[in-house]
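Asks: Below you will find the structure I want to go over with you.
Each reported figure results from applying straightforward, stated rules to the coordinates on display, with no laboratory input. All figures in this text were calculated on a predicted structure; none of them were measured in a lab. Glycine gets a Cβ as well: all are built from the backbone with ideal geometry, and neighbour counts include every protein chain shown.
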Amino acid sequence: MANIRIYGIIFGCVALLGLGGCAGGNATLGSANASFARGQYHQAIQQTQLVLAQHSGGSGEQAAAALYLQGRSFEQLQAGDEAEKQHYLASARRAYVDALSRHPSKALEGRIRTSVANVAYHQEDYTTALQQWQVAYQQTDLADQKPWILYRIGLSQQRLGQFEAADRSFAQVQELYANTEPARRAREKQGTRQFYVQVGVFSQPGSAQSTIDALKRMGHTPLQSRDGQGRTVISVGPRLNWAAAHQLQAQVSPQYPDALIVP
């Protein structure tokens, strides 16, 4: 079972916002933070519910922080299948949206909006992801996360077919945050105008050829390339938009469950 949090944007505990240490401050919120740090995500969710019971229907930083931590805990839960994964993502999103309704400080709001965008992106709601990341980029108090946010703005624009806007965002990442991992990834994504479905990566020529033959029997025209390690990359496509690429992925995924859309 894979952890569903795959966003690459990791935040510290709510203590960073001055709401009590991870093991101190407000005892209930502090305990929830401590449970989260230990990987006890179900327990953290239960403890945030206790905080919310004390702030039922109210606004303020404590309630918003508890909901933010609750959403992050849902994101970290181990999902047994796709349906459970989507359930956890939906639960996280509800917690974040509720947190925004509690009128948090600007610093916390920036983190919450980034998390809403993270979840929306993995729900393939790229419009919401783009909107939330654009606001979060201006609000976040975490300087090391700004290049990641800007990079993901570009990814969302790309998946919405806004290719020129995506290229501008990717160029900004490289200009403002040179020599960072987001800048490296942005350089690789820049210039995309179509999508492929990568079926597999093979170190053995025989395995690659077997896959090529199988794809041809399915009616596809396989494409071959080499990765940085000299392995054979087999893909099908291209498709001119993300939706069409997603349909192609669905066609091949029964035989090739690890197939993914690139770039």
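Asks: Can you list the lysines whose alpha carbon is less than 29 Å from that of K106, not counting same-chain residues fewer than 8 positions off?
Replies: Leaving aside lysines fewer than 8 places away in the same chain, those within reach of K106 are K146.
Asks: Here's something else I'd like to know. Just name one of L223, S115, S207: the one whose Cα is farthest towards the positive end of the charge dipole of the chain (beta-carbon charges, Lys/Arg +1, Asp/Glu -1).
Replies: L223
Asks: If you don't mind, another one. Which loop GluC sites (Glu not before Pro) in region 67-145, with loop taken from DSSP, have no more than 16 other Cβ atoms within 10 angstrom of their Cβ?
Replies: Of the GluC sites (Glu not before Pro), the ones in loops of region 67-145 whose Cβ has at most 16 other Cβ atoms within 10 Å are E124.
Asks: If contacts are Cα pairs under 8 angstrom and at least 6 residues apart, what is the relative contact order of region 142-192 in percent?
Replies: 36 percent
Asks: May I pose another question? For region 195-262, what is the convex hull volume of the alpha-carbon atoms per residue, in Å³?
Replies: Given the Cα convex hull of region 195-262, per-residue volume reads 75 Å³.
Asks: Which of Q76, Q249, Q62 ends up with the largest GNM mean-square fluctuation for the chain, with Cα atoms connected below 10 Å?
Replies: Maximum among the listed residues: Q249.
Asks: Here's another thing I want to ask about it. What is the order of T48, T140, fewest Cβ neighbours within 10 Å to most?
Replies: Ordered from fewest to most neighbouring Cβ atoms within 10 Å, T48, T140 come out as T140, T48.
Asks: For Y256, list long-range residues whose amide hydrogen, built 1.01 Å from N in the peptide plane, is under 5 Å from its own amide hydrogen.
Replies: The list, which skips near neighbours in sequence, is empty: none.
Asks: Of T232, T127, how do they rank once you tally other Cβ atoms within 10 Å and put the fewest first?
Replies: By the 10 Å Cβ count, ascending, the order reads T127, T232.
Asks: Show me, for region 192-202, the HN-Hα J-couplings you get by feeding each phi into the Karplus relation (A = 6.51, B = -1.76, C = 1.60, θ = phi - 60°), rounded to Hz, glycine and proline as x.
Replies: Each residue of region 192-202 in turn: 5, 10, 7, 10, 10, 10, 7, 7, x, 10, 10 Hz.
Asks: Here's something else I'd like to know. Of L130, Q145, A245, which is farthest towards the positive pole of the chain's charge dipole, taken about the Cα centre with +1 and -1 on the beta-carbons of Lys, Arg and Asp, Glu respectively?
Replies: Projecting each Cα onto the dipole axis, the largest value belongs to A245.
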